[in-house]
Every structure is written in C-alpha cells, then in structure tokens.
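The structure appears right after this line, and notes come after that.
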Amino acid sequence: MTLALRQEALGLYRKIFRIAKKWQSASGQMEETTKEKQYIINEAKTLFRKNKDLTDPEQIKQCLEECKARIEIGLHYQIPYPRPIHLPPMGLAHQQGRALRHQEKLRKISKPVYLKSHDEIS
C-alpha cells in the first residue's frame with residue numbers, strides 16, 4: 001500500500017468515527033440514534049479490518065471509492081444502512097440454462113459501488 005493510499009484510508013476511517021460521534025437519527029429518537037451510531041462504528045471496523053491486508057492499489061482504490069460513496073449517501077439520506085437495489089430476482093431470465101447464468105452475471109455487474117462489500121460480510 002502506498003503512503004498516499006494509507007493516509008487516505010486512515011483519513012476516511014477517522015472521518016467515519018467523527019460522523020458517528022455527531023450522528024442524529026432521522027426520527028430524532030435517542031434509542032434509534034444510539035443504534036445507528038453503533039451500526040456505523042461496527043460496520044467501519046468490520047470492513048476496514050477485513051480489507052487491511054489488501055496490497056493491490058486498484059482494489060484499495062475501489063474500497064476507498066465504496067467508502068466515500070457510502071458516506072455521501074448516508075449523509076444525504078440520513079440513513080447509515082446501505083440503500084438496497086431494486087432488481088427483481090429473476091425478472092429477465094428463465095429458471096434454467098444459459099439465460100439464468102447470464103441474469104446472475106448482469107445482477108453482479110449492476111451492483112452499485114456502495115454495495116460491493118455489503119453482501120460479503122452479511
């Protein structure tokens with residue numbers, strides 16, 4: 001990992017903890033706010049620890065882009081959880097054969113950048 005990428009990753013990590021410290025739930029309820037703050041902290045710790053051994057600069061940049069996207073979306077919508085994608089499970093393919101494999105490939109490719117690591121840890 002280059003020094004610049006390391007500094008950027010640590011800066012994002014600190015930024016996430018600052019956001020969690022100031023976070024207010026959209027509902028305004030204290031219990032909800034506490035749960036969401038804890039979710040932000042746990043999600044950051046889990047993902048950063050999972051990716052701490054990455055050495056490929058392209059993979060690191062991709063993870064940093066995902067992090068930035070999730071921060072911006074969370075701040076904009078006031079929801080710390082990743083926004084779901086709305087694709088019907090088998091909307092375009094038949095239940096068997098080549099079309100099914102093609103549909104699975106399309107679903108994987110169409111996944112937004114902010115959800116790349118979400119399915120891996122859940």
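The values are calculated or read from the model by the stated rules, or taken from the named source; none is laboratory data. All values reported here derive from a predicted model rather than from experimental measurement. No Cβ is skipped: glycine too gets one built from the backbone with ideal geometry, and neighbour counts run over all protein chains shown. The accessibility values were calculated without ligands, DNA or RNA, using every heavy atom of the protein model including side chains. Shrake-Rupley method; radii C 1.70, N 1.55, O 1.52, S 1.80 Å.
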Completion exercise
In the neighbourhood of S27 defined by beta carbon distances under 13 Å, the net charge of the other residues (Lys, Arg +1; Asp, Glu -1) is -2
Completion exercise
Reported to the nearest 10 Å², K15 has, with a 1.4 Å probe, an accessible area equal to 80
Practice task
At a Cα cut-off below 13 Å, give the aspartates and glutamates reachable from K35, other chains included and same-chain residues fewer than 8 away excluded.
Solution key: E43
Exercise for the section: For each pair in K15/K61; K22/K45; K50/K105, compute the distance between the two Cα atoms and list the pairs where it is over 23 Å. Expected result: K50/K105
